[in-house]
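**Q** Attaching a single structure in structure tokens format; questions to follow.
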Amino acid sequence: MTANGQPALDRGRPPVPGPSRSCSFPNFEVEKLESGARLWTLDVSGCGLVTVVLLMPGGSELDTPDRAGLASFTAGLRGAGTKHRDALEFAAAAEDLGTTIATSCGWENAAIGTTIGLEDVAAGLELVAEAAAEPAFLGEEVERRRRRRLAEIERRRSDPAAQARLAFARAVYGDTPYAHPTIGDRNTTEAITREDIASFHGRALAAGSCHLIAVGDLGPGSVRRAIEDTVEPRLLAHGRHFDAAAESLEPEPAPPSGRRVVVVDRPGAAQTELRIGHSGVPRRHPDRVRLQVANSILGGKFMSRLNLTLREKHGYTYGVSSAFHFRRGPGPFVISTAVANEVAGAACRKTVEEVERICAEPPGAAELDDARNYMVGVFPYTLQTIQGLSSRLQTLAVFDLDRDEYDRWPERVRATSAEDVLQVCRRHLSPEGLTITAVGPADELLPQLEGLGTTEVQAAA
Amino acid sequence: MPEHLEQHELPNGMRVVLHEDPRLPLAAVNVWYHVGSKNEETGRTGLAHLFEHMLFQGSANVSENGHFEHIQKVGGVANGSTWYDRTNYYETLPANHLELGLWLESDRMGFLLEALTEEKFENQRSVVMNERLQRVNNQPYGLAGERLSELLYRRPNGARHPYAWPVIGYMDDLEAANLDSVEDFFRTWYRPNNAVLTLAGDIDCEAALEQVRRYFGEIPPGPLPPPPAVEPATEIGPHGASREILEDSIELPRCYSAWCLDGYGSDDWYAGELLAMILSSGRMSRLHRDLVYERQIAQSVSAVILPTEICATFAIVATCQNREPDPLTNAETLEQATLEHVEAIRSAGPTAEELERARRSLLLAHHDSRQDLALSADRLSCASTYFGDPSRIFTEPERLLKVDAEQVRDLARRSLGPERRAAIIVVPEA
């Protein structure tokens with residue numbers, strides 16, 4: 001003991017933690033509005049801000065091959081002028097409040113949202129509602145947006161990471177919707193008409209399938225009243241339900257017939273971008289949490305097998321990660337990294353070996369414990385901000401998950417055994433079915449990648 | 001938002017900032033060392049950043065990769081970053097593991113050198129060279145920002161201002177770096193009297209301070225070199241050729257303009273931040289509305305001011321919407337158009353409406369950013385390091401609100417003239 005009664009400091013071992021304080025997902029309410037839309041509310045009193053998101057049908061999974069990009073084209077135009085204000089007036093109305101109205105489009109849904117000061121909530125909701133229910137889709141705005149989208153498609157041609165994502169999705173998903181980039185391509189972008197957009201929007205505006213998610217300083221009833229004054233009157237006439245499953249294409253790719261290598265040639269490139277993986281499982285799959293534990297071990301954190309091997313042991317890369325992208329359909333399982341050209345072949349082989357290893361033997365007890373503790377421990381980080389909380393609620397809404405999903409998540413993680421990890425990896429990972437996409441100088445890459453699988457070389461798209 | 005803020009100084013000179021915020025059972029640990037790439041020497045660029053990597057490779061009582069291992073296994077996250085003026089290291093932990101953060105940070109502050117090996121150094125040099133490849137060499141337009149700083153900060157006598165080289169360093173210098181220089185760098189700069197430690201979150205200030213004393217109190221201070229000698233900011237500006245045309249593997253031509261203003265914290269800096277917003281934040285901003293929306297010659301445009309200490313780069317970057325019919329002509333047309341907007345501000349200043357929009361947007365963003373514990377801790381360390389006063393993060397909005405239209409015009413007139421501009425045009429490779 002030291003003079004002040006504290007035990008002497010022992011630097012030789014990590015300190016013993018104090019008692020932990022548990023943390024659960026905060027209470028929230030869900031109710032059905034008269035229009036049929038679901039209202040989700042989560043009160044974070046005292047923060048002075050409110051974040052509101054209106055989720056509506058119309059995600060990129062609905063794109064058809066000849067109109068690829070239609071969903072996100074439509075989504076972007078919702079903020080570019082309404083029946084009451086032109087594009088500049090609309091932008092000014094939001095910016096005068098210090099905010100913007102953000103329109104976006106994911107695979108499953110489109111969204112319109114804003115984060116705004118408490119005193120301006122009604123004005124912000126008015127703009128969100130206008131964009132959702134009364135977009136103008138003026139021809140001039142459609143053309144303006146089309147030119148910017150074409151330029152963005154051009155820009156991606158010189159972006160190696162974008163090229164890698166593109167080539168990977170195309171190779172893995174063939175003719176199914178997940179094969180296309182949500183922005184579409186040059187031909188489809190040129191082909192989409194104003195009528196396509198208006199009609200797509202008309203289909204998507206189905207209040208019975210909309211969710212309005214409000215998180216923040218909601219106050220007693222004030223945000224609710226503002227919603228009834230602004231959003232509801234505009235949604236009431238559109239009380240239909242939208243059946244995404246019936247309308248979207250079946251996004252199930254054909255299973256791969258063996259390992260494939262796709263090289264996108266970028267002569268003289270300074271580095272090689274790699275995307276390695278295959279089609280994964282849908283968000284609602286019962287193996288999902290067990291797969292997340294497995295992925296955490298394989299490539300989901302800094303101390304993962306892939307990062308320790310490729311970065312910390314061999315110095316091939318600045319970093320590598322793996323992820324299952326959970327969508328309504330089977331989104332991709334993908335390992336992403338960028339490596340020095342001269343070690344691209346070695347990096348691919350080590351990566352395949354790690355996928356083989358996690359399918360061959362269960363993880364060690366300590367490794368599994370670390371992964372589970374990490375996943376449970378970092379959960380509260382996403383609850384710090386109203387946007388983080390909103391994002392959690394959006395996931396529940398989009399995938400129609402049980403409302404106790406987040407309460408049960410830690411126990412599901414903790415219940416995942418080493419044998420579970422092995423079994424889900426064997427079920428859902430396939431070292432032989434991997435598609436290896438490499439964007440870099442083909443002349444340097446091809447000799448190194450020989451023997452890894454059926455190889456094809458492409459030009460940049 | 002409930003909060004309680006204190007600052008203390010240990011006898012060894014280390015400043016400790018404590019911020020209670022018990023909303024969630026989390027604790028953020030954030031250390032700023034007041035050393036960055038500006039303290040490097042020519043020929044040894046990239047050392048501060050390479051060194052940052054070595055701080056994650058273990059210390060006397062922490063094994064190689066033990067830092068991440070200890071943190072991740074209890075459900076924490078950690079990282080570090082290097083900047084011109086400072087290097088930061090941070091972790092967010094379940095609050096009951098706060099002491100783990102103190103143990104790890106004190107071990108690498110006080111007892112790093114005995115764990116450094118040539119092998120670890122070679123591995124991290126390779127990782128950092130890949131980082132440079134990924135972020136710079138293999139990035140579209142990746143070399144343009146680097147060249148812009150070289151032009152803006154070169155001196156007529158061939159000497160270079162400490163902001164002239166990139167934080168990540170030049171590839172040749174990374175190749176030439178050695179373990180000895182890393183050790184020297186540690187001995188010189190990684191002293192408690194050159195550090196600020198911030199603890200934020202679900203903490204008990206009194207108990208936390210006691211723990212900090214236990215872990216850090218015995219680490220000895222050392223003499224610090226004087227700050228790098230530089231000319232006053234008003235003298236800084238491009239000398240000689242100030243504009244270059246680069247070819248890169250890109251599709252859309254782009255133009256960059258940069259000027260040098262007074263450093264972060266100065267009245268000019270805040271005026272510069274408002275001006276950057278007025279020029280390019282939101283669809284109603286001057287550059288966006290005119291060049292992207294109305295004339296449709298730009299695909300994107302942004303004006304930024306860097307929060308650097310000695311002086312601050314104010315830059316405008318605009319990307320063309322088309323490469324046809326001629327990329328260079330398109331880029332130069334866009335460049336001229338951006339400069340006309342700068343001239344308009346220099347002669348007439350912003351409108352009251354523009355100023356009000358920018359102020360409201362900054363206030364909302366300020367409010368929004370305070371929700372995140374790790375970000376708040378980092379900003380507290382920043383304010384303590386640069387100004388000696390962490391509470392300044394709460395008064396920053398007032399400094400922004402004080403700026404009026406005349407100050408913005410005056411700043412633009414004094415500092416954003418053509419004679420002080422450095423510029424880069426990037427066109428697709430022939």
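The values are calculated or read from the model by the stated rules, or taken from the named source; none is laboratory data. Every value quoted in this text rests on a predicted model; they were computed, and no experiment measured them. Backbone-built Cβ (ideal geometry, glycine too); neighbour counts: all protein chains shown.
**Q** Any residue at all in the stretch B:54-72 that's more than 10 Å from every other protein chain (Cβ to nearest Cβ) and within 21 Å of residue A:369 (Cα to Cα)?
**A** For the stretch B:54-72, residues more than 10 Å from every other protein chain (Cβ to nearest Cβ) and within 21 Å of residue A:369 (Cα to Cα): present.
**Q** Which condition does residue B:50 not pass, out of (1) aliphatic (A, V, I, L, M); (2) within 9 Å of chain A (Cβ to nearest Cβ); (3) buried (at least 21 other Cβ atoms within 10 Å of the Cβ), if it passes all the others?
**A** Only one criterion in (1) aliphatic (A, V, I, L, M); (2) within 9 Å of chain A (Cβ to nearest Cβ); (3) buried (at least 21 other Cβ atoms within 10 Å of the Cβ) is unmet by residue B:50, namely (2).
**Q** Of the numbered conditions (1) charged (D, E, K, R); (2) touching a residue at least 60 places away in the same chain (Cβ under 8 Å); (3) away from chain A (no Cβ under 14 Å); (4) more than 23 Å from residue B:407 (Cα to Cα), residue B:268 fails exactly one; give the number of that condition.
**A** Only one criterion in (1) charged (D, E, K, R); (2) touching a residue at least 60 places away in the same chain (Cβ under 8 Å); (3) away from chain A (no Cβ under 14 Å); (4) more than 23 Å from residue B:407 (Cα to Cα) is unmet by residue B:268, namely (4).
**Q** Separate question: Going through the stretch B:313-330 one residue at a time, which ones are modelled with pLDDT of 95 or more and either within 28 Å of the chain's Cα centre (by Cα) or away from chain A (no Cβ under 14 Å) (or both)?
**A** B:313, B:314, B:315, B:316, B:317, B:318, B:319, B:320, B:326, B:328, B:329
**Q** Which residue out of A:449, A:434, A:396 is more than 23 Å from the chain's Cα centre (by Cα) and not assigned by TED's automatic domain parsing to the domain that holds residue A:160?
**A** None of the others qualify; the one that does is A:449.
**Q** On to the next question. How many of the residues making up the stretch B:150-198 are more than 22 Å from the chain's Cα centre (by Cα) and over 24 Å from residue B:121 (Cβ atoms)?
**A** The total comes to 5.
**Q** For the stretch B:175-223, how many residues are part of a loop (DSSP other than H, G, I, E, B) and either among the charged types (D, E, K, R) or over 30 Å from residue B:4 (Cα atoms) (or both)?
**A** Selection size over the stretch B:175-223: 8.
**Q** Considering A:171, A:151, A:162, A:167, which residue is of a type in the set (Gly, Ala, Ser), surrounded by 20 or more Cβ atoms within 10 Å (Cβ to Cβ), farther than 23 Å from residue B:291 by Cα and within 14 Å of another protein chain (Cβ to nearest Cβ)?
**A** Exactly one residue qualifies, and that residue is A:162.
**Q** Check residue B:216 against each of (1) touching a Pro at 6+ places or on another chain (Cβ under 9 Å); (2) surrounded by fewer than 20 Cβ atoms within 10 Å (Cβ to Cβ) and name the one condition it does not meet.
**A** The number of the failed condition is (2).
**Q** Answer yes or no: is there a residue in the stretch A:131-140 that is more than 22 Å from residue A:57 (Cα to Cα) and within 13 Å of chain B (Cβ to nearest Cβ).
**A** yes
**Q** Further question: Any residue in the stretch B:130-158 that is more than 8 Å from chain A (Cβ to nearest Cβ) sitting within a Cβ distance under 6 Å of a residue that is part of a helix (DSSP H, G or I)? List the pairs, counting only those 6 or more apart or interchain.
**A** So the pair list comes out as B:142/B:136.
**Q** Next question, about the same structure. Taking the stretch A:322-350 only, how many residues are of a type in the set (Gly, Ala, Ser), within 25 Å of residue A:270 (Cα to Cα) and more than 13 Å from chain B (Cβ to nearest Cβ)?
**A** 2
**Q** Can you pull out every residue in the stretch B:276-290 that is within 12 Å of another protein chain (Cβ to nearest Cβ) and part of a helix (DSSP H, G or I)?
**A** B:277, B:278, B:288, B:289, B:290
**Q** May I ask you to say which residue of B:377, B:358, B:365 is closer than 29 Å to residue B:200 by Cβ, surrounded by 15 or more Cβ atoms within 10 Å (Cβ to Cβ), of a type outside the set (Val, Ile, Thr) and out of contact with any Ser or Thr (no Cβ under 9 Å at 6 or more places or on another chain)?
**A** Answer to the selection: B:365.
**Q** Sticking with this one: I'd like the full set of residues that are facing another protein chain (nearest Cβ under 7 Å) and closer than 24 Å to residue A:420 by Cβ, limited to the stretch A:351-387.
**A** Listed by number, the residues that qualify are A:370, A:373, A:374, A:376, A:377, A:378.
**Q** Let me ask something else about it. Kindly evaluate residue A:302 against the criterion of being hydrophobic (A, V, I, L, M, F, W, C) and within 13 Å of chain B (Cβ to nearest Cβ).
**A** Judged against the criteria, residue A:302 is a match.
**Q** Going by what's in this entry, would residue B:347 be described as more than 14 Å from chain A (Cβ to nearest Cβ), surrounded by fewer than 19 Cβ atoms within 10 Å (Cβ to Cβ), at pLDDT 95 or above and under 22 Å from the mean Cα position of the chain (by Cα)?
**A** In short, no.
**Q** A further question on this structure: Which one of A:139, A:184 is at pLDDT 95 or above, crowded, with 20+ Cβ neighbours inside 10 Å and more than 24 Å from residue A:272 (Cβ to Cβ)?
**A** Of A:139, A:184, the one residue that is at pLDDT 95 or above, crowded, with 20+ Cβ neighbours inside 10 Å and more than 24 Å from residue A:272 (Cβ to Cβ) is A:184.
**Q** Got a number for residues in the stretch B:83-111 being touching a Pro at 6+ places or on another chain (Cβ under 7 Å), within 8 Å of chain A (Cβ to nearest Cβ) and of a type outside the set (S, T, N, Q)?
**A** Qualifying residue count, the stretch B:83-111: 6.
**Q** Also: Run residue B:271 past the list (1) more than 23 Å from residue A:102 (Cα to Cα); (2) not polar (S, T, N, Q); (3) not in a helix (DSSP H, G or I) and report the number of the one that doesn't hold.
**A** Going through (1) more than 23 Å from residue A:102 (Cα to Cα); (2) not polar (S, T, N, Q); (3) not in a helix (DSSP H, G or I) one by one, residue B:271 breaks only (3).
**Q** Further, regarding this structure: So, residue B:24, is that one in contact with a Ser or Thr (Cβ under 8 Å, 6 or more places away or on another chain) and touching a residue at least 12 places away in the same chain (Cβ under 8 Å) or not?
**A** Taking the combined requirement at face value, the residue does not satisfy it.
**Q** Restricting attention to the stretch A:199-234, which residues are basic (Lys, Arg) and either farther than 21 Å from residue A:386 by Cβ or crowded, with 22+ Cβ neighbours inside 10 Å (or both)?
**A** A:203, A:234
**Q** Can you tell which of B:294, B:273, B:218 is more than 14 Å from chain A (Cβ to nearest Cβ) and of a type in the set (Asp, Glu)?
**A** B:273
**Q** If only one of A:283, A:234, A:224 is among the charged types (D, E, K, R), touching a residue at least 60 places away in the same chain (Cβ under 8 Å), out of contact with any Gly (no Cβ under 7 Å at 6 or more places or on another chain) and part of a loop (DSSP other than H, G, I, E, B), which one is it?
**A** Going through A:283, A:234, A:224 in turn, the sole match is A:283.
**Q** While we're here: Show me the strands (runs of 3 or more DSSP E) found entirely inside the stretch A:1-71 where at least 3 residues are buried (at least 18 other Cβ atoms within 10 Å of the Cβ) and not small (Gly, Ala, Ser).
**A** Strands (runs of 3 or more DSSP E) meeting the threshold: A:38-43, A:49-56.
**Q** For the stretch A:75-102, which residues satisfy the criterion of being of a type in the set (S, T, N, Q) and either within 12 Å of another protein chain (Cβ to nearest Cβ) or farther than 18 Å from residue A:145 by Cα (or both)?
**A** A:99, A:100
**Q** Now, a different point. Could you please give the count of residues in the stretch A:189-205 that are in contact (Cβ under 8 Å) with a residue 12 or more places away in the chain, part of a helix (DSSP H, G or I) and more than 27 Å from residue A:154 (Cα to Cα)?
**A** Looking only at that region, the number is 2.
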